[in-house]
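We did not get these values from a lab; they are worked out from the coordinates using the rules stated. Note that the structure is a prediction, hence the values are computed from the model and not measured. Here the Cβ positions follow ideal geometry from the backbone for every residue, glycine too, while neighbour counts run over all protein chains shown.
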Amino acid sequence: MEKKVLQLAGLLKEKCINLSLEGHNKKKLLEELVDFVVESGKIKDKKAILREIVKREKLGSTGIGYGVAIPHAKAQKAHGFVLVLGRHDEGIDFGALDGARTHLFFMLVSPEKEVGNHLKILAEISRLVKDKFIVERLKNARDKKEIVRIIEAYQG
């Protein structure tokens, strides 16, 4: 069971990928991603999730650099793990560590009691995006199917 949770390709379905984010600042973009998380059906309370995501961002930006951010939170009312991937073609100022514009956003929302698996999934995303070649492929993917194929191939 635990192994399945850690498979990004198992968590990230085509319906959880948005290749045309529109928010032009951090606040709007987080709201847009939270809307997408709520659409998954595993989370109902949009305001609570947004509050947790914003609270986490206040601790320090989840913009890890290389055009990638991993906003995340644990939520009391989450019914399972939700991972969404959003892409913003122009990129936005997300307060990334390297100062670069952020294009790819992996948002993870986990059940509050799943701290260990939450951290393992974050670590797996971090490993994925450390590969600059993979990040470029994700930025340039033509469609959702290609995104899923890139992640599946990485996890092989």
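What the table shows:
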{"quantity": "Dipole magnitude of the chain about its Cα centre (Cβ charges: Lys, Arg +1; Asp, Glu -1), debye to nearest 20", "calculated": "360"}
{"quantity": "Reachable aspartates and glutamates, given that their alpha-carbon falls under 16 Å from the alpha-carbon of K132 and they are not under 8 places away in the same chain", "calculated": "D98, E124"}
{"quantity": "Inter-probe distance in nm under a simple model that places probes 7 Å from Cα toward Cβ, at E31 and E114", "calculated": "2.8"}
{"quantity": "Residues with amide H under 5 Å from that of N18, placed H, sequence gap 5 or more", "calculated": "L85, G86, R87"}
{"quantity": "Signed unit charges on C-beta, dipole axis of the chain, positive-most listed residue G65, V129, A75", "calculated": "A75"}
{"quantity": "Whole-Hz couplings from phi, Karplus 6.51/-1.76/1.60, listed for the stretch 9-20; x for Gly and Pro", "calculated": "4, x, 7, 9, 8, 3, 5, 9, 10, 10, 8, 9"}
{"quantity": "Per-bin percent of Cα-Cα distances, the chain [5 Å]", "calculated": "2, 10, 21, 25, 23, 15, 5, 0"}
{"quantity": "Using a Förster distance of 25 Å, the FRET efficiency for K130-K77 (Cβ separation, nearest 0.05)", "calculated": "0.20"}
{"quantity": "Residue-averaged [θ]222 nm for the chain, counting only DSSP H segments that reach four residues, each worth -39500 (n - 2.57)", "calculated": "-14000 deg cm²/dmol"}
{"quantity": "Cα-centred dipole magnitude for the stretch 57-130, charges only on beta-carbon of K, R (+1) and D, E (-1), debye, nearest 20", "calculated": "280"}
